[in-house]
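The values are calculated or read from the model by the stated rules, or taken from the named source; none is laboratory data. As the structure is a computational prediction, the values presented were derived from the model and not from experiment. Positions of Cβ are backbone-derived with ideal geometry, glycine not excepted, and every protein chain shown enters the neighbour counts.
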Amino acid sequence: MGQEKLTAEALERFAREQCPFIELFGIRCEELGSGTAVVRLPYDERWLRPGGYIFGGMLMTLADMAIYYAIMSVVGLKPMTVTNELKINFLRPAVGGDVLARAEVLKAGRRIVYGEIRLYMAENPKKLIAHATSSYIQPDG
């Protein structure tokens with residue numbers, strides 16, 4: 001990859017090849033910076049649990065993809081960079097709309113990359129739905 005800046009479009013293509021499930025879920029990268037990403041999960045009734053809440057597993061998937069995108073913006077397109085740990089705290093239910101996940105790489109070491117993810121309803125970014133932390137292991141670190 002070199003010093004070339006990774007674009008959201010190039011990362012989307014790469015992610016769809018490596019993680020085809022994101023197409024099914026409709027997950028899209030909205031913003032990509034150096035060590036940051038904002039990823040959207042469109043509202044879809046298929047992902048609801050009783051009470052009309054988006055189920056926690058889907059929110060964890062969104063958080064994982066958001067930090068994956070943020071990490072790739074730092075380390076480049078390395079398909080075998082994989083989740084080592086993901087911890088999430090659910091703060092309030094996700095109901096009735098798209099969810100955004102804002103991820104930030106906090107430390108990129110030679111082998112381990114660590115970051116945090118904040119999830120919120122797209123129409124109200126001031127109210128957190130969940131907060132997550134994650135670490136990834138890089139191959140050949």
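The condition (being of a type in the set (Phe, Trp, Tyr), surrounded by 16 or more Cβ atoms within 10 Å (Cβ to Cβ) and either within 22 Å of Ala8 (Cβ to Cβ) or modelled with pLDDT of 95 or more (or both)) is satisfied by just one residue among Tyr43, Tyr53: Tyr43.
Is there a residue being β-branched (Val, Ile, Thr), under 25 Å from Phe14 (Cα atoms), touching an Asp or Glu at 6+ places or on another chain (Cβ under 6 Å) and assigned to a strand (DSSP E or B) anywhere in the range 117-133? Scanning the range 117-133, I find at least one residue that is β-branched (Val, Ile, Thr), under 25 Å from Phe14 (Cα atoms), touching an Asp or Glu at 6+ places or on another chain (Cβ under 6 Å) and assigned to a strand (DSSP E or B), so the answer is yes.
Kindly indicate whether Thr83 is modelled with pLDDT under 95, surrounded by fewer than 17 Cβ atoms within 10 Å (Cβ to Cβ) and under 20 Å from Ala132 (Cα atoms). The answer is yes for Thr83. For the range 56-73, the criterion of a residue being of a type in the set (Val, Ile, Thr), surrounded by fewer than 22 Cβ atoms within 10 Å (Cβ to Cβ) and closer than 20 Å to Arg13 by Cβ is satisfied by at least one position. Residue count for the range 98-110 under the criterion of being within 19 Å of Val39 (Cβ to Cβ) and over 13 Å from the mean Cα position of the chain (by Cα): the result is 3.
It is to be established whether one or more residues within the range 95-108 are more than 27 Å from Pro42 (Cβ to Cβ) and among the aliphatic types (A, V, I, L, M).
Yes, that holds for at least one residue.
When the test is whether a residue is free of Cβ contacts under 8 Å to residues at least 60 places away in the same chain, on the phi < 0 side of the Ramachandran plot and among the hydrophobic types (A, V, I, L, M, F, W, C), Met60 does not pass it. In the range 109-127, the qualifying residues are those that are crowded, with 16+ Cβ neighbours inside 10 Å and out of contact with any Ser or Thr (no Cβ under 7 Å at 6 or more places or on another chain), and the one that is farthest from Gly52 (Cα to Cα) is Arg118. Counting only helices (runs of 4 or more DSSP H) that sit wholly inside the range 1-97, those with at least 1 residues that are more than 14 Å from the chain's Cα centre (by Cα) and within 21 Å of Ile137 (Cα to Cα) are 8-18, 56-75.
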